[in-house]
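*Asks:* Input: one structure, supplied below.
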Amino acid sequence: MQSKAPSTVIVQRDFEERKKPEDLVSTGEYNLLQGHPSEALEAFQEVEDIVLDSRPDLYYRQGLALFEYGTEEGREKILSLANKKFKKAHLLAPTESDMLHAWGNLLTHLGEHREEPHFFYAAKEKYEKILGLGIESAELYWDYGVIWYHIGNHSEEAVDLQKSLKAFEMALDEKGSFPPEFWIDYGATSLLLSTKIKDIRTVVKAVNCFKHAVSQDKNCFDSWSSLAEALQMLYEHTHDEDHFSQANECFATASKLCPQESDHWLEWARFLLNSARRTPDLKRLRACLEKCHHAYAYDCENAIILAIWAEALALLGQMTERLDLIYEAENKIAEALDLDEDDPEIWYSLGMCFCCFGQYFNDYDYYYQAIEKFQTGLSIDRSYVPLWLAMANAYAKVGTLEENVDILTQSLKFYEKTLTFSDTSTHHIDYASALSRLGEITHDEQWLQQSLWHFETALAMQKNALYLHPHWLFSYASTLDMMGDFHEDDNYYTRAIEIFSHVLMVDPDFPHLHHRLAQTFCHLGELIEEIDFFYRAIHHLRLALKHEEDNDVMILDWGIALIHIAQHTPVLTDVEQLMYDAEQKLTLAAKLGNIQGYYHLSCLYSLLGQNEKSMYFLQKSDYFNALPPLEELLGDEWLDGLRCTSTFQEFLTEHPHLHKES
């Protein structure tokens, strides 16, 4: 038998000893699982030397292994190698759907980790290429929905988020059952879309998605936390206390599942604070402080925790009239600013702290200091909506305290800016209230007309305000009453009385309600000369005085109502008694310090033909600068008797300033 040539033997041994590329890939995969990336990369390099760009399946396996390994924290650099492997696999097999899908998932992960949107668009291209091949699956549509969520989050375009929702719906058509993570992704997209299109239905959809996630895994922190966030947003839309309770319960459940999550405690505290601003509610403020304690215990370097904590302390101090709490809040804010001077929320909280000082001391200088802090916050971020609203409210408060038309007018531009960012019912109400106050001070119908429009817009947006927000209705009815004075139209008064009556039904103890009802009944009775309305006014004044028996304004209004009744009473003995009672009320009002009582006493004595007394009180009214304008003085029918006397003409001659004022 002849022996083989030496060269032939060497070639055969090399061939036998040469490793198969599949085995090398398996070796690399094993090394990655064992946490030995260097050995794995060496094995993968050997594969590359052997296959010479000819085996897409092996590049795909390498990409998957590197992708899985690189998702662990601290291993992100490996993801770039995974990307290169998928790219080579794609060049060799451009229509391989599994590889395209995995590549898209890798690009999505890179976009999330590096916060670079171009990765999301690249991933979208991969998913769409699979769909273009006519290949569909629930998992593909799920991932496609996630990528549109990221694109929409970056573009801030509602249409991108709507495409995301469509993809999630297609996934549901392909498959009926999904893990909690799917419902969390689906709900997060709905919730984000709700901030773009202001449609409460998208918030409800998000709530339902998160409830699905909770039902599948009751121990999943992310499910409960997401449900709390969605219910919080639903509460902001509806102002429904049931939604508040549900959100609060979800926050509580999530905190038990992950008690060391400081961000969760912070969001819970912020939720309670926002609610307490609206209600206001001492119990919620104290609960907010408790959550701030928990958050701070796990993250004492977080300036926002201190800012929320400080604002809650300041509000609690304002509501309980405890100045020490407001000072404590100021110290918390100082600590927060030491940690971070570049966050607008911290400057907002500092400004709110000064507003609480202003409210406590009834001193507008503190509001000006607050405005300075709000302006500092806006210099950092001009899109931070709470700062625009806080500026508007601060100027409105100062303008009201000083009865300064210019400052009140200045507040309007900040309300308008707020509405351009956030067109909500509460913002319309704040704007309407400022316009109403401006119309009241200036006696300008234009401001009142604008105020009514914003009140009605807010009430149309917030259908349940009829029962949840009696103070909105009270302010709206008060503005209608003032409009009735301008137009002398009984429809305004009738509508105002209907709304005041509704408030009375919802909240019988609403402050000043009976007095405002009485005033509106008087205005209506005076316009249509109907005596019954004055009797109704006195009924409400009697109820109002049970709570404030020395209120000089109510007593004055009662006296005026009695004069009106006397003017329309045919029986002389009744008239005498009514005028006597009116005299007692007006005299008491004047004694209690109401200088308007002197003018009305002058009118009463003029009606009684006691011109000497009438002139005495007219002069006294002039002494206290309480006379009405000359036009009203000359047109008041109750002064007809006095105006016919020479003493009245002499009074006009001796008081030329009345002509100047007219």
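Just so you know, all these numbers are worked out from the coordinates, no wet-lab data involved. Here the structure is a predicted model, which means the values were calculated and not measured. Note that each Cβ is placed from the backbone with ideal geometry, even for glycine, and that neighbours are counted across all protein chains shown.
*Asks:* Helix 572-591: angle to the longest alpha-carbon principal axis of the chain, degrees 0 to 90, nearest 10?
*Replies:* Orientation of helix 572-591: about 60 degrees from the principal axis.
*Asks:* When the convex hull of the C-alpha atoms of region 260-354 is computed, what volume per residue in Å³ does it have? Could you put the intermediate results ahead of the total?
*Replies:* Numbers: hull volume 7.5 nm³, N = 95.
So the per-residue hull volume is 79 Å³.
*Asks:* Please arrange 201, 284 by how many other C-beta atoms lie within 10 Å of their C-beta, fewest to most. Could the numbers behind the result be given before it?
*Replies:* Working: 201 11, 284 21.
Listing 201, 284 from fewest to most nearby Cβ atoms yields 201, 284.
*Asks:* Over the chain, calculate the relative contact order: mean separation of alpha carbon pairs under 8 Å at least 6 apart, over the residue count, as a percent.
*Replies:* Numbers: 886 pairs, mean separation 24.3, N = 662.
Reported relative contact order: 4 percent.
*Asks:* Quick check on packing: order 560-566, 54-60 by the mean number of other C-beta atoms within 10 Å, highest mean leading. Walk me through the intermediate numbers first.
*Replies:* Numbers: 560-566: 23.1, 54-60: 19.9.
Averaged packing, sorted descending, gives the order 560-566, 54-60.
*Asks:* Give me the net charge for the shell around residue 89: Cβ to Cβ below 14 angstrom, other residues only, Lys and Arg +1, Asp and Glu -1.
*Replies:* Numbers: positive: 55, 61, 84, 85, 87, 88, 126, 129; negative: 48, 53, 57, 96, 98.
Summing Lys and Arg as +1 and Asp and Glu as -1 gives +3.
*Asks:* I'd like to compare 147-156, 424-433, 87-96: which one has the highest average count of other Cβ atoms within 10 Å, and what's the full order after that?
*Replies:* The peptides rank, most packed first, as 424-433, 147-156, 87-96.
*Asks:* Could you point to the label whose value was computed as mean projected area of the Cα convex hull in nm² for the structure here, given [x] 71.1; [y] 31.6; [z] 41.4?
*Replies:* Computed from the coordinates, mean projected area of the Cα convex hull in nm² corresponds to [z].
*Asks:* Would you order 571, 503, 203 from fewest to most other beta-carbon atoms within 10 Å of each residue's own beta-carbon?
*Replies:* On the way: 571 9, 503 22, 203 26.
Ordered from fewest to most neighbouring Cβ atoms within 10 Å, 571, 503, 203 come out as 571, 503, 203.
*Asks:* Once the Cα atoms of helix 21-33 and of the chain are each reduced to a long axis, what angle between those two axes, in degrees from 0 to 90 to the nearest 10, is obtained?
*Replies:* It is inclined by approximately 40 degrees.
*Asks:* What's the angle, to the nearest 10 degrees (0 to 90), between helix 241-257's Cα axis and the longest principal axis of the chain?
*Replies:* Approximately 40 degrees, to the nearest 10.
*Asks:* Okay, moving on. Which trypsin sites (Lys or Arg not before Pro) does region 15-65 hold that lie in a coil by DSSP with at most 15 other beta carbons within 10 Å?
*Replies:* Details: sites: 18, 19, 61; in loops: 18, 19.
Within region 15-65, the qualifying trypsin sites (Lys or Arg not before Pro) (loop, at most 15 other Cβ atoms within 10 Å) are 18, 19.
*Asks:* What value, in deg cm²/dmol to 500, does the helix sum -39500 (n - 2.57) over DSSP H runs of n ≥ 4 give at 222 nm once divided by the residues of the chain?
*Replies:* Numbers: 36 runs with 538 residues, N = 662.
The helix contribution divided over the chain gives -26500 deg cm²/dmol.
*Asks:* Follow-up question, since we're still on this one. How would 332, 84 line up from fewest to most surrounding beta-carbon atoms within 10 angstrom? Working shown, then result.
*Replies:* Numbers: 332 24, 84 14.
Ascending Cβ contact count within 10 Å gives the list 84, 332.
*Asks:* Over region 260-354, what is the relative contact order in percent, taking alpha-carbon pairs closer than 8 angstrom and at least six residues apart?
*Replies:* Numbers: 134 pairs, mean separation 24.1, N = 95.
The value is 25 percent.
*Asks:* Follow-up question, since we're still on this one. At a temperature of 37 °C and a viscosity of 0.692 mPa s, determine how fast region 68-177 diffuses translationally according to Stokes-Einstein, using the Kirkwood radius over alpha-carbon pairs as Rh; express D in µm²/s, rounded to the nearest whole number.
*Replies:* The diffusion coefficient I find is 229 µm²/s.
*Asks:* Among residues other than residue 174 whose Cβ falls under 15 Å from its Cβ, what is the net charge (Lys/Arg +1, Asp/Glu -1)?
*Replies:* Working: positive: 166, 175; negative: 136, 139, 143, 169, 173.
Here the count lands on -3.
*Asks:* In the structure displayed, which of 546/591; 163/256; 163/198; 211/256; 87/196 lie more than 25 Å apart, Cα to Cα?
*Replies:* Details: 546/591 19 Å; 163/256 36 Å; 163/198 17 Å; 211/256 18 Å; 87/196 36 Å.
Cα-Cα > 25 Å for 163/256; 87/196; rest within.
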